[in-house]
Amino acid sequence: MIRFDAVSKNYPNGTTAVDDLSLELAEGGITVLVGPSGCGKTTTLRMVNRMVEPTAGTVSLRGRDIRDVAAPELRRGIGYVIQHAGLFPHRTVLDNIATVPLLLGWGRKKARARAAELLELVGLPAGMAKRYPYQLSGGQQQRVGVARALGADPPVLLMDEPFSAVDPIVRAELQTELIRLQKELRKTIVFVTHDIDEAIKLGDNIAVFRTGGRLAQFDSPERLLADPADDFVAGFVGQDRGIRRLSFVDAAELPLREGRVLSAATPVARARAVDEPWVLVVDGDRRPLGWAAVGGLPDEGTLADAVLAPLGHTFSLAGDSARAALDAALLSPSRLAVGVDAQGKVVGVADAYELSAATSGPEKDGPSTSAAPSGEVGKQGPPVHEAGEKR
Ligand SMILES: Nc1ncnc2c1ncn2[C@@H]1O[C@H](COP(=O)(O)OP(=O)(O)OP(=O)(O)O)[C@@H](O)[C@H]1O
Ligand SMILES: [Mg+2]
């Protein structure tokens, strides 16, 4: 879709902003460019819509060298979102969003109807249409910025740190919202951020840059966490990458044991025979009631007579990740995680060790296209990733 072939950008002052970049960004996917300040992310992004022209190499869009497309025509098909939204302060929200359709000569009525549609799409109430940007919160302004970029329904969206000026809670909301929007719109999105967590949450693929405008690794988030190309990438993805990897493992794949799950009607003698320190007590519908410490059970009766320790949180095999399962194990008084189905019925339990063993198997998604530590990405030819290879 968007392809960089041996692209470099050198400035007259001697700065190499981007160095011999070869990269192919999949159609309909989110590619995240991440890396430390000054590593060439914005420059790379702006070479897509010709706000910056490369010194060497070729950028192409759907097989066409973008130098052969006049910049205004090119930009019609490319929405652009920046930090602080960059809204026109003297225009209402609705007119801000209608900017591009108006430029394209849609006429006021049609452009405003489209803008109203987009306002709803980005989750803002219709009542905000007549406000001015200063009357909105940072997060709301950012949503208007996204709506404006979508004005003419461009197939490509360039987003340069669009959420970095808002607080972490709003930021998380905007990220979730973008994922929802993307499921519906399937744009080809290039998203720049400093934040590796944001990159992992949003990216179908992630390009990690190092200072000097060199590509360090281009991979899916799972591969980046599982197999960083070198120490720089490993340092960038952080010390807790092992735990973060678990986000990509479906809880439904975890091995759970049933032996420690007993109904409240079970005689205490049978619970003792399980020979485990804790058993999970469930009701007649297999809904979890709590943990019984086997050492503290009454001499006779059933588990209904036992004092139960609180359950902690359960994890769902219908939608949760192994990370939620591990968290459940760590917070549980028994150190066991309780897995439930979509109806909330207990499927089984597992401890942290069993959970982590189940998630450290061999990689499933093919060989890495990691760059060599020497940074010889360009010389290996561009690694090609297809959108939708994960999720
Ligand atoms: N017009 C210019 N003239 C000279 N050098 C420039 C120019 N624009 C950018 N640079 C340099 O190119 C390098 C890459 O800049 P770029 O803006 O692409 O970095 P970035 O990764 O987006 O950084 P940040 O995370 O801080 O936004 C930097 O060293 C920057 O100083
Ligand atoms: Mg930048």
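Read-outs throughout are calculated quantities, based only on the coordinates presented, and are distinct from any laboratory measurement. This one's a predicted model, so the numbers in the text were calculated from it and none came from an experiment. Please note: Cβ atoms are built from the backbone with ideal geometry, for glycine as well, and neighbour counts cover all protein chains shown.
Taking the Cβ of ALA111 as the center, what net charge do the other residues with Cβ under 14 Å away carry, scoring Lys and Arg +1 and Asp and Glu -1?
Once all neighbours under 14 Å are counted, the net charge is +4.
Provide the per-residue ³J(HN,Hα) series for the range 60-74, in order, calculated from phi with Karplus coefficients 6.51, -1.76, 1.60 and θ = phi - 60°, each as a whole number of Hz, with x at glycine and proline positions.
10, 10, 6, x, 10, 4, 5, 5, 8, 10, 4, 3, x, 5, 4
What's the exposure ranking of SER316, SER37, going from fewest to most Cβ atoms within 10 Å?
Ordered by Cβ neighbours within 10 Å, fewest first: SER37, SER316.
Where both residues lie in the chain, what percent of DSSP beta bridges are antiparallel, nearest 5?
55
Can you give the relative contact order of the range 251-358 as a percent, counting alpha carbon pairs under 8 Å and 6+ residues apart?
28 percent.
In whole Hz, with x marking every Gly and Pro, tabulate ³J(HN,Hα) for the range 254-262 from phi via Karplus 6.51 cos²θ - 1.76 cosθ + 1.60, θ = phi - 60°.
Per residue, the Karplus-derived 3J(HN,Hα) values read 7, x, 10, 10, 9, x, 8, 9, 10 Hz.
Would you mind checking which residues have amide H under 5 Å from VAL347's amide H? H placed 1.01 Å from N; only 5 or more apart, or other chain.
Amide H neighbours of VAL347: GLY339, VAL340, ASP341.
Using amide H atoms built in the peptide plane, which far-off residues or other-chain residues are under 5 Å from VAL81 H to H?
Under 5 Å from the amide H of VAL81: LEU158, MET159, ASP160.
Please list log₁₀ I(q)/I(0) at q = 0.13, 0.14 Å⁻¹ for the range 251-358, using the Debye equation with identical point scatterers on the alpha-carbon positions.
With no solvent term, the Cα-only Debye profile gives -0.42, -0.48.
Determine ³J(HN,Hα), in whole Hz, for all residues of the range 24-32 in sequence, where each value follows from phi through the Karplus function 6.51 cos²θ - 1.76 cosθ + 1.60 and θ = phi - 60°; x replaces Gly and Pro.
Rounded to whole hertz, the list is 10, 9, 6, 5, x, x, 9, 9, 9.
Looking at the range 251-358 only, what percent of DSSP beta bridges run antiparallel? Nearest 5 please.
Roughly 70 percent of the beta bridges in the range 251-358 run antiparallel, per DSSP.
So how do HIS194, HIS90 line up by other beta-carbon neighbours within 10 Å, fewest first?
Lowest to highest Cβ neighbour count: HIS90, HIS194.
Would you mind checking which residues have amide H under 5 Å from PHE209's amide H? H placed 1.01 Å from N; only 5 or more apart, or other chain.
Under 5 Å from the amide H of PHE209 lie the amide H atoms of VAL34, GLY35, ALA216, each far enough along the sequence or on another chain.
Go through LYS9/LYS41; LYS109/LYS130; LYS9/LYS187; LYS130/LYS201; LYS41/LYS187 and tell me which ones have a Cα-Cα distance over 23 Å in this structure.
Distance filter (> 23 Å) returns LYS9/LYS187; LYS130/LYS201.
Counting pairs of alpha carbon atoms under 8 Å apart in space and at least six apart in sequence, what relative contact order in percent does the chain give?
Normalised by residue count, the contact order of the chain is 18 percent.
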